[in-house]
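The values are calculated or read from the model by the stated rules, or taken from the named source; none is laboratory data. Remember, predicted model here, so these are calculated numbers, not experimental data. A quick note on method: Cβ atoms are made from the backbone with ideal geometry, for glycine too, and the neighbour counts reach across all protein chains shown. Quick note on the areas: whole protein, heavy atoms, side chains included, nothing else; ligands and nucleic acids left out. Shrake-Rupley method; radii C 1.70, N 1.55, O 1.52, S 1.80 Å.
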Amino acid sequence: RIVLAGADEGALEEAVVIAAALSVQDPRDRPIDKADAADHAHEQFRHPTSDFISLLRLWDFYHDQRQKLSKSKLAKACRQNFLSERRLREWWDVHRQLRLMARDLGLKPTRTPETGAEDPLHRALLAGLLANVGQKGDGYEYTGVRGAKFHIFPGSGVFEEKPKWLLAAEVVRTTRLYARTVGRIDPAWIEHVGAHLVKRSYTDPAFSAKRNRVEATERVTLGSLEVAAGKRVHFGPIEPVQSRELLIREGLVGGKLRTGSRTVRRNRQLAERVERLERKLRRIDLNAGDEAQYAFYDKRIPEGVWSGARFDRWLKDAEQQNPNALRMRQRDLLLRDVTDQEADYPDQIDVLGQPLEVAYTFDPDSESDGVALRIPLEMLSQIDPETCDKLLPGVLREKLAELLRTLPRDLRRNFDAPRLAAELTTKLAHDTRPVLTALADELSARTGTRIRPEPFRPSTLPQR
């Protein structure tokens, strides 16, 4: 019944014929004293990759002879081809009974022009013979579903072919364990026919930027046999909780998620801005990092959102109720508030009437560590070192404090370097004079004593 129910319309009649054949003794005779003659006679039925198709060819031969010959001539034809007429009649009777059974199942076995097709027949047989699947190993040996080792019976028409995967009508032990009446199969059929019996395991889940979803590597086994491995499959419906986590961690926080959401784009820009701010201030205690972003999204995105498509649908609905449903603020990503310092580290400064980009690098081991002004080649000859010696407000304050510390002791003791540097930063930031000249003049005005630029030692300032 399993074989019949597993057959598609094009292979149903063949499945009935084979099911009947497997219910009776093999009708092919092979007398020991006439073995070569019998093998030669049976060669006309042989199929190189399927003993089941060989049985169909034998069935068609007998069916054709039965229609054309009288009983006596039919018996003679059977003897000439080393066939048992009695067992052929048993096969015929069982076939008739199975056709009636198929009719009771609502099936209508009929012969079609495509009859004898190997794949549909083997898929139907596989439904009832999953336990008899074998995978070729080293040499001629096969491994069965339960780990048993066996060989193809030497009398099989498939013996020389030795397919990588096979299906056997039976596995019996004589001098060794043999598979008898076998046919080549595609292991992919096992996944479909034996979906209720195979086991699936998954490894290496990760968010796929290409498919905009979480995928994992699937391994499919039937007993001890590995039916399929290495295929990347959609992991969301399989492990929705873990997939949601990876969507947030790798897709949103890691930037792999493809989405048209302006909110997500702004959040990513904000995260980059916080990273730049940390480089500007040369601190490692500002950015709350990826975990803060993950916590932000995890708190707001509901369960069941585990793919790019689901995320877009959810966010569209959520923003109709609240436009800021998923919008980050800078405070969500900072460990402490440094808003009052941001203005001292601009992304651009005006030089000779042109806005020029300022680049910040925080890598003490790199030669590029520090602040760099990106100057167009055509402006390079117009800018002298004194134009840039005041740098930025945030850096200028530190530079002034360090310069004050380079003064001789008798001059330095008159000033509180950090406090005075903070006071002078705003005043000197837009001063057109060289920084040493401006600083010396300011100190002179405060002390009433003429201080020249020479006592300062800028060469001793920390290099970074």
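Assorted remarks:
- Available extension along the chain between M379 and K299 is 23.8 nm, counting 0.36 nm per residue and deducting the alpha carbon span.
- Extension gain for S224-A445 works out to 70.4 nm (0.36 nm per residue, less the C-alpha to C-alpha distance).
- Solvent exposure of the chain, expressed per residue, is 56 Å² of accessible area, with all protein chains present and a 1.4 angstrom probe.
- Helix-only mean residue ellipticity at 222 nm for the chain, each DSSP H run of n ≥ 4 adding -39500 (n - 2.57), per residue, nearest 500: -12500 deg cm²/dmol
- Each of K316 and K210 was given a label point 7 Å from its Cα along the Cα-to-Cβ line. The distance between the two points is 2.6 nm.
- Alpha-carbon centroids, region 26-95 and region 153-173: separation in whole Å: 20
- Set of aspartates and glutamates near K427 by C-alpha distance (under 16 Å), chain-local residues within fewer than 8 positions excluded: D344, D389, E398, D441, E442
- Label-point separation, K149 to T203 (7 Å along Cα→Cβ), nm: 2.5
- Members of K108/K149; K34/K73; K73/K162 lying beyond 27 Å, as alpha-carbon distances in this model show: K108/K149; K73/K162
- Between E160 and D186, the FRET efficiency estimated from the beta carbon spacing at R0 = 22 angstrom works out to 0.65.
- Relative to the current alpha-carbon distance between D64 and A37, full extension at 0.36 nm per residue lengthens the span by 7.5 nm.
- Share of carbon and sulfur in the accessible heavy-atom surface of the chain [1.4 Å probe, %]: 47
- Dividing the mean sequence gap of close Cα pairs (under 8 Å, 6+ apart) by how many residues the chain holds gives a relative contact order of 9 percent.
- Förster-model FRET efficiency, 60 Å R0, E342 and D119, C-beta, rounded to 0.05: 0.30
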